[in-house]
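Below is one structure, written out as structure tokens; the observations come after it.
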Amino acid sequence: MKQIITLFFLTAFSVSSAQSIKSPDGNLVLTFKLTSDGIPAYKLGYKNYEVVKESRLGLKLKDMYANTGIDKLSPSAENVPSLDKGFVTSKVDSSIVDEIWHPVWGEVSSIRNNYRELAVTLLQPTQNNRQMIIRFRLFNDGLGFRYEFPMQDNLNYFTVADELTQFSLTEDHIAFWIPGDYDTNEYYYTKSTLSKVDATYATKVNEIFSKTIIGKNFVQSPLMMKTSEKLYINIFEAALVDYPAMHLEIDQSNFILTSHLVPDAVGNKAYMQTPCKTPWRTVIVSDKAADILASKTILNLNEPSKIDDTSWIKPMKYVGIWWEMHVGTASWNYANVNNVCLKSTDWKSLKPNGIHGATTERTKRYIDFAAKHGFDGVLVEGWNVGWEDWFGKWKEEVFDFVTPYPDFDVEEISNYAASKNVKMIMHHETSSSVTNYERRMDEAYDFMKKYGYPAVKTGYVARIIPRGEFHDGQWMVQHYVRVAERLAKNKLMLNAHEAVRPTGLHRTYPNWLACESARGNEFNAWSVGNPPEHETILPFTRLMGGPMDYTPGIFQIKMNYYNPDKKEQVHTTLAKQLALYVTLYSPLQMAADIPENYEKHLDAFQFIKDVAVDWDDTKYIEAEPGDFITVARKTKGKNEWFIGAITDENGRTAEIPLNFLDNNKNYTATIYADAKDAHWEKNPMSYEIINKSVTSKDVLKIILAPGGGCAIRIW
Ligand code: NOJ
Ligand code: CA
């Protein structure tokens, strides 16, 4: 039941210069004020700490024709009256909300949404009383605020040149950052103080196919920080639906972060039509790192599900014809030619290269493997024509999403999968020709329904078409949401790769099971890879907004197994790969290695077969960004727990009190641990499996190897 209590309501005449609210537990204090120039500003405190010092709010507007050559007489951004100053307060509302809601799937089965709200209605008297509302929601673990623009004659259709939102920090905090980039978030993280951030190193990263680096002092959100007082602060956004993604520009002398929006092809940031609102800006804060991971504030700031009947939405574990392409033993393309054309190539006349991965026969073997080991789905990449020259040329028509290669019999495969009760997962690599995908979407989804594919993995490798747009600009943000909506209408599920990082929209579109949108395990196959600390940072950054299709479960750690010349390797132990199924939350988890590698380690593979993908409860036991994470999760509808514990390049002992188990009950624990001689680099595949009986009174002490981890099933 939703409970809303109105606390106060003030009109222009009674509004004092500053208004404060406290979080329901009283630990956070938010203060809003207008400066003497009528500039909106806020500050945030937590217990005795200052989290955000007085910081300005507002938007800079622009005439939409400025700088386009369409109307040379148009005022420039500088001359357009902005929503930045000269405001007076006309109304202040405050209320409390306290409700419980139940996600369709998730880390927990019920979520409390409890906040105190302050909504300030501002008027600009010099601009015919243009109206802007700033709405603050203060939770026990953080703040969300956004700008709202009611429909009005004096503010109708407008262009945002820049958002002026600032987060003024108290000192030179430690940050876990990736370079600000309009096109990609597939970087590994750097830990440094804010003043030492230098994102220009990204120009030398050549394993990412489309990069648009902003500049030295620009980083992406979510930005995770730690203060010298050991306070953890996370700055991000929620409910990004019709606006560009927010990066952060760092003033490296004064430690002020300013919102930096991804521009569009002509340099504008966002086109708005009233009534409208921006996404929420969020500051999540705690003196315990584990609380940041447990926060539900981003989800709570998103709208409830827009899908009424969600019975068809099912978390999934899957295998796929995939890793072999990344390690180079199979190919996506059918023929080795460097020029094909959707309209004119006769695919049957091409000479097969002999290593095409997505063949009928091979797919059937994967279906057999999935059926034998209880996996829900099989993903097949490279099934459709066009992969011969699929990226790098900024080509409009690469894929049509409905024409299989001559050696992939979709009908036979679909019947075979159905007979084995295995679901096929579709792959739509768009090669970022998004206009092409939009034109073909309906036909592609009809094709999926015809052949019984309930879910699709989309992909956006390379530069975007419409040419000049970026992956994380407003147009693309709208596109990703449009895809989720269109799929929902067709009762289909989504896993988007290279899309903008999620901001909690899976509450609104629960068919949007996961995104990649960060540096996944695949980088370990063909690049310098992901350092051992990577997976201890992801939950504090990328996963703040939603599940990640990280594709864990690589057992064959060193790539020289496939080719003696290869130096690449996964930067974890095998046991840590198992732990990732628990530490990196997702309702969609891949067993990413090839079946042959699992068949050699069936004892360890048992964990991947057993681990759940949907949970009743989650306990973050201990965590430190960049160092370690230990989490326990209770399987949905079962008295069964899974624990994942991981560490960075330093070995450690994880201490795990089992006090979350039922009292007076004996459980069995199967512990998949690093063997004594395990080491991510020197001896990564050395593990041991121990069975023991445990009760709620036990405290497990488990040694994690350097770059190691531990996975436990308790039932
Ligand atoms: C990048 C994706 O992240 C990966 O999973 C996929 O295999 C390739 N693109 C090809 O679409
Ligand atoms: Ca990717």
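Scanning the range 110-129 for residues that are surrounded by fewer than 16 Cβ atoms within 10 Å (Cβ to Cβ) and under 27 Å from the mean Cα position of the chain (by Cα) returns SER110, ARG112. Looking across the range 186-200, just one residue is among the β-branched types (Val, Ile, Thr) and either within 16 Å of ligand 2 (Cβ to nearest atom) or touching a Ser or Thr at 6+ places or on another chain (Cβ under 9 Å) (or both), and that is VAL197.
Answer yes or no as to whether SER286 is small (Gly, Ala, Ser), open to solvent by 10 Å² or more (accessible area, probe 1.4 Å) and in contact with a strand residue (DSSP E or B) (Cβ under 8 Å, 6 or more places away or on another chain). Show your work before the answer.
Details: small (Gly, Ala, Ser): yes; open to solvent by 10 Å² or more (accessible area, probe 1.4 Å): no; in contact with a strand residue (DSSP E or B) (Cβ under 8 Å, 6 or more places away or on another chain): yes.
For SER286, the condition - small (Gly, Ala, Ser), open to solvent by 10 Å² or more (accessible area, probe 1.4 Å) and in contact with a strand residue (DSSP E or B) (Cβ under 8 Å, 6 or more places away or on another chain) - is not met.
Pairs are defined by a Cβ separation below 8 Å, a sequence spacing of at least 6 or placement on different chains, a first member in the range 418-442 that is closer than 17 Å to MET493 by Cβ, and a second member that is part of a helix (DSSP H, G or I) and polar (S, T, N, Q); the pairs so defined are MET424/SER414. Against the definition (among the small types (Gly, Ala, Ser), within 30 Å of HIS247 (Cα to Cα), more than 16 Å from ligand 1 (Cβ to nearest atom) and open to solvent by 10 Å² or more (accessible area, probe 1.4 Å)), how does GLY392 come out, yes or no? Criteria not met by GLY392. Scanning the range 458-503 for residues that are within 14 Å of ligand 1 (Cβ to nearest atom), closer than 23 Å to THR297 by Cα and out of contact with any helix residue (DSSP H, G or I) (no Cβ under 8 Å at 6 or more places or on another chain) gives a single hit, ASN495.
Only helices (runs of 4 or more DSSP H) whose full extent lies in the range 266-344 are considered here, and the ones with at least 2 residues that are modelled with pLDDT of 95 or more and more than 16 Å from ligand 2 (Cβ to nearest atom) are 289-294, 297-300. In the set (1) touching a Phe, Trp or Tyr at 6+ places or on another chain (Cβ under 7 Å); (2) more than 15 Å from ligand 2 (Cβ to nearest atom); (3) of a type in the set (S, T, N, Q), ASN521 fails one condition alone, (2).
Counting residues that are farther than 20 Å from PHE255 by Cβ and at pLDDT below 75, which strands (runs of 3 or more DSSP E) fully inside the range 1-73 reach at least 1?
Values: elements: 3-11, 18-22, 28-34, 40-46, 49-56, 59-62.
Output list reads 3-11.
If you go through the range 455-499 one residue at a time, how many are within 16 Å of ligand 2 (Cβ to nearest atom), within 16 Å of the chain's Cα centre (by Cα) and not in a loop (DSSP other than H, G, I, E, B)? Summing the residues that are within 16 Å of ligand 2 (Cβ to nearest atom), within 16 Å of the chain's Cα centre (by Cα) and not in a loop (DSSP other than H, G, I, E, B) in the range 455-499 gives 8. For the range 405-443, filtering for residues that are assigned to a helix (DSSP H, G or I), surrounded by fewer than 20 Cβ atoms within 10 Å (Cβ to Cβ) and more than 25 Å from the chain's Cα centre (by Cα) leaves 11. With respect to (1) within 30 Å of ILE307 (Cβ to Cβ); (2) part of a loop (DSSP other than H, G, I, E, B); (3) away from ligand 2 (no atom under 15 Å from the Cβ); (4) under 20 Å from the mean Cα position of the chain (by Cα), the lone exception for LEU580 is condition (2). Exactly one of these conditions fails for LEU588: (1) surrounded by fewer than 24 Cβ atoms within 10 Å (Cβ to Cβ); (2) closer than 27 Å to GLU237 by Cβ; (3) not charged (D, E, K, R). Give me its number. Failed condition: (1). In the range 512-531, of all residues being surrounded by fewer than 24 Cβ atoms within 10 Å (Cβ to Cβ) and away from ligand 1 (no atom under 16 Å from the Cβ), the one that is nearest to ASP291 (Cα to Cα) corresponds to PRO531.
Just for the range 140-166: of the residues that are surrounded by fewer than 18 Cβ atoms within 10 Å (Cβ to Cβ) and at pLDDT 95 or above, which one is nearest to the chain's Cα centre (by Cα)? Let's see the steps before the verdict.
Taking the range 140-166 and keeping what is surrounded by fewer than 18 Cβ atoms within 10 Å (Cβ to Cβ), we get 148, 150-154, 156-157.
Remaining after also requiring at pLDDT 95 or above: 148, 150-152.
On the way: GLU148: 25, PRO150: 30, MET151: 32, GLN152: 35 Å.
Among those residues, the one meeting the criterion is GLU148.
You will find that of LYS682, LYS636, the residue that is of a type in the set (D, E, K, R), over 26 Å from the mean Cα position of the chain (by Cα) and open to solvent by 40 Å² or more (accessible area, probe 1.4 Å) is LYS682 and no other. Looking at the range 197-252, which of the residues that are touching a residue at least 40 places away in the same chain (Cβ under 8 Å) and among the basic types (Lys, Arg) is most open to solvent (accessible area, probe 1.4 Å)? Step by step, filter the range 197-252, then rank; the result is LYS230.
The values are calculated or read from the model by the stated rules, or taken from the named source; none is laboratory data. Owing to the predicted nature of the structure, the values given are computational and were not obtained by experimental measurement. Note that each Cβ is placed from the backbone with ideal geometry, even for glycine, and that neighbours are counted across all protein chains shown. Heavy atoms of the whole protein, side chains included, go into the accessibility calculation; ligands, DNA and RNA do not. Shrake-Rupley method; radii C 1.70, N 1.55, O 1.52, S 1.80 Å.
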